[in-house]
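> Can you keep this structure in mind? I'll have questions shortly.
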Amino acid sequence: MSEGMDTIMASLRPANDAAPSPEAGAGTPGNVAELMSLVGATLLDAMFGNLAPSYLAGISGEVLYANAAYQRLAAESGQTLLPSHRRAVQRALDRREPFMLHETLGRDDKARIYTSRHFPIFGPDGRVAAVGASFNDATGESEARASARLERQRLNDVIRSTSDWVWETDDRGRIAFVSERITEALGIPPQLLHGRFLADVGQFLPTGARPGTSANVLQLFRPFRDVPFEIEDRRGGSRRFHLSGVPVYDDAGRYFGFRGTATDVTERHAAEDRARQSRRELEGVLEELTAKNLQLDVALRRATAATNAKREFLATMSHELRTPLNAIIGFSEMMQLGTLGPLPRPYQGYVNDMLTAGRHLLALINDILDVARIEGEAMRIEIESVPLSQLIADARAIMETRAADKHIDIAAVGYDGDLVIDADKTRALQVIINLLGNAVKFTQSGGRVGIDVGSRDARFATVTVWDNGPGIPPDKREVIFEKFQQVHETILSRREAGIGLGLTLSRQLARLMGGDLTLDHSDGQGSRFTATFPLALQPKL
């Protein structure tokens, strides 16, 4: 309802009574009747009919007048006066003073938001004669405020997602506004920062690209981005931010200050420092590895040269040693057989010793050459299917004389099964002979040596050579497979001949053929060496 209605209603108040007495009660309906007769419904309609909703109610709550807009609102609820306005009438009667209401009237899509003023109307006697109300349609204003809140919330969300706090300065560089999230860094409310310079809050740090420009970015009056800015936090530590800002000018071009954002990069900066430190450490390690690789390359070239020299030496010496040695063995055999005539009895023993020594020396030279060939990857292995029974029988035949000379029982050396292996026949026989030779060599007179044959995982045949000799000390059970190693500590303490190549050569040969050689048991009452050979897929007997 407009101010005109207030003026008309005020005509009920006596001219000499500026304000009604608080003790005055409600007026009589006659006063209202006088008003209605004075102005008439037609005049009220002419004045208020096209305005926002308005009504005039008696002290009993009856509607004395309602314009068309209010009548439409009331008609939707089937009443002449809305329930909330009945309560407003009573409130105006009780308080005897105007008050404001903010409410939504109407239904569904026709609902509108109104701000209404409800006020008592006093008669000439100072009593409340009626209650009037005028409504102002605030729908547009309310929607605008809601839209502004939404936009402000949207802006705040964007700011929070892209930065940590927002700042503004005046034309002198003093802080005019800073968002509340700066409290997380400083521990004080942003209001206490107003009027202070940014340099009082923290310090700009020099940048590597343009040293010296970060400290005076505000004096350049140009936009800047990601300038490092360090602040001491409430715990006494420091936090690093990237500040970005733009100068602000009005329509006339007058400079107002700067406006910008700050992003916390403390953790990222610390991570970059750690990454740089790790990179420096890795570069140091890489330099050390490079130097060691160079040293290893030099050592490898030297070792390769030494290996080649050794192989060439052995290849040369094999001919130079074996040729005269074969001649010595050949002539010794002729002398032993008496091909050129009988020898005097005293010389027969010398010939036998010379023949034995020559054959032993030839065996040693052959072992050394075999090891050299294997290390130089020049050993040729020709795989074929070989019955184990044949290999073991041949090895026993070769060892019978030596075992008999030492009174060693080799009755358990034998195998009549049908296992067939894929191996180089000569090299497999050499492995078994070496194992039997070691067992006979290191078993005391009267001892026993035997062979057990089995299979493992349906893929390998096992040939175990055992004896009841003194066994091998625990600390020597891996050493004995190394070159030139024997159980005895020094050459002066050895009781048996040999240079310690038999087991080394046997293991290398077994592995070349796809098997292996291991010491399974040695407890002081004998030893068990097991050689494994791949089983043939189809036995060939």
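> Take the residues in segment 141-182 that are buried (at least 16 other Cβ atoms within 10 Å of the Cβ) and of a type in the set (S, T, N, Q); name whichever of them is modelled with the highest pLDDT.
Filtering segment 141-182 for residues that are buried (at least 16 other Cβ atoms within 10 Å of the Cβ) and of a type in the set (S, T, N, Q), the one modelled with the highest pLDDT comes out as 169.
> Of the numbered conditions (1) out of contact with any Asp or Glu (no Cβ under 8 Å at 6 or more places or on another chain); (2) open to solvent by 50 Å² or more (accessible area, probe 1.4 Å), residue 291 satisfies every one except a single condition; which is it?
(2)
Yes or no, residue by residue, for (1) open to solvent by less than 100 Å² (accessible area, probe 1.4 Å); (2) in a helix (DSSP H, G or I); (3) basic (Lys, Arg):
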residue	(1), (2), (3)
256	yes, no, no
261	yes, no, no
285	yes, yes, no
295	no, yes, no
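> Could you check segment 78-120 and list, in sequence order, the residues that are among the charged types (D, E, K, R), open to solvent by 60 Å² or more (accessible area, probe 1.4 Å) and not in a strand (DSSP E or B)?
So in segment 78-120, the residues among the charged types (D, E, K, R) come out as 86-87, 91, 94-97, 103, 107-110, 112, 117.
Subsequent filtering for residues that are open to solvent by 60 Å² or more (accessible area, probe 1.4 Å) retains 86-87, 91, 94-95, 97, 107-110, 112, 117.
Within segment 78-120, 86, 87, 91, 94, 95, 97, 107, 108, 109, 110 qualify.
> Could you give every pair whose Cβ atoms fall below 6 Å, whose first residue belongs to segment 54-76 and is aliphatic (A, V, I, L, M), and whose second residue is assigned to a helix (DSSP H, G or I), counting only separations of at least 6 or pairs across chains?
57/89; 64/32
> Next question. Give 135, 122 a once-over and let me know the one that is over 60 Å from the mean Cα position of the chain (by Cα) and within 14 Å of residue 54 (Cα to Cα).
Result: 135 is the single residue among 135, 122 that is over 60 Å from the mean Cα position of the chain (by Cα) and within 14 Å of residue 54 (Cα to Cα).
> Return the residue satisfying two criteria in turn: it lies in segment 407-432 and is within 58 Å of the chain's Cα centre (by Cα) and of a type in the set (Val, Ile, Thr), and of such residues it is most open to solvent (accessible area, probe 1.4 Å).
Taking the candidates together, the pick is 426.
> Can you tell me which residues in segment 190-215 are open to solvent by 60 Å² or more (accessible area, probe 1.4 Å) and either at pLDDT 85 or above or part of a helix (DSSP H, G or I) (or both)?
191, 192, 194, 196, 197, 199, 200, 203, 215
> In segment 121-131, which residues are open to solvent by 10 Å² or more (accessible area, probe 1.4 Å) and touching a Lys or Arg at 6+ places or on another chain (Cβ under 9 Å)?
Those that are open to solvent by 10 Å² or more (accessible area, probe 1.4 Å) and touching a Lys or Arg at 6+ places or on another chain (Cβ under 9 Å): 122, 124.
> Further, regarding this structure: Go through segment 85-94 and give me each residue that's out of contact with any Pro (no Cβ under 8 Å at 6 or more places or on another chain), farther than 16 Å from residue 136 by Cβ and not β-branched (Val, Ile, Thr).
86, 87, 90, 91, 94
> Which one of 469, 454 is assigned to a loop (DSSP other than H, G, I, E, B) and either modelled with pLDDT of 90 or more or open to solvent by less than 20 Å² (accessible area, probe 1.4 Å) (or both)?
Result of the check over 469, 454: 469.
> Taking the condition of being in a strand (DSSP E or B), modelled with pLDDT under 90 and of a type in the set (A, V, I, L, M), how many residues in segment 512-537 meet it?
Within segment 512-537, residues that are in a strand (DSSP E or B), modelled with pLDDT under 90 and of a type in the set (A, V, I, L, M) number 1.
> Is at least one residue of segment 132-140 open to solvent by 20 Å² or more (accessible area, probe 1.4 Å), assigned to a strand (DSSP E or B), charged (D, E, K, R) and farther than 30 Å from residue 244 by Cβ?
Among the residues of segment 132-140, at least one is open to solvent by 20 Å² or more (accessible area, probe 1.4 Å), assigned to a strand (DSSP E or B), charged (D, E, K, R) and farther than 30 Å from residue 244 by Cβ, which makes the answer yes.
> Same structure, new question: Given the options 325, 343, 362, name the one that is open to solvent by less than 80 Å² (accessible area, probe 1.4 Å), outside any helix (DSSP H, G or I) and among the aliphatic types (A, V, I, L, M).
343
> Take segment 216-229 and flag every residue that is modelled with pLDDT under 90 and open to solvent by 50 Å² or more (accessible area, probe 1.4 Å).
Those that are modelled with pLDDT under 90 and open to solvent by 50 Å² or more (accessible area, probe 1.4 Å): 216, 219, 220, 221, 222, 225, 226.
The values are calculated or read from the model by the stated rules, or taken from the named source; none is laboratory data. Small disclaimer: the values here were computed from a predicted structure and weren't measured. Backbone-built Cβ (ideal geometry, glycine too); neighbour counts: all protein chains shown. Just the protein is used for accessible areas: all its heavy atoms, side chains included, with ligands, DNA and RNA removed. Shrake-Rupley method; radii C 1.70, N 1.55, O 1.52, S 1.80 Å.
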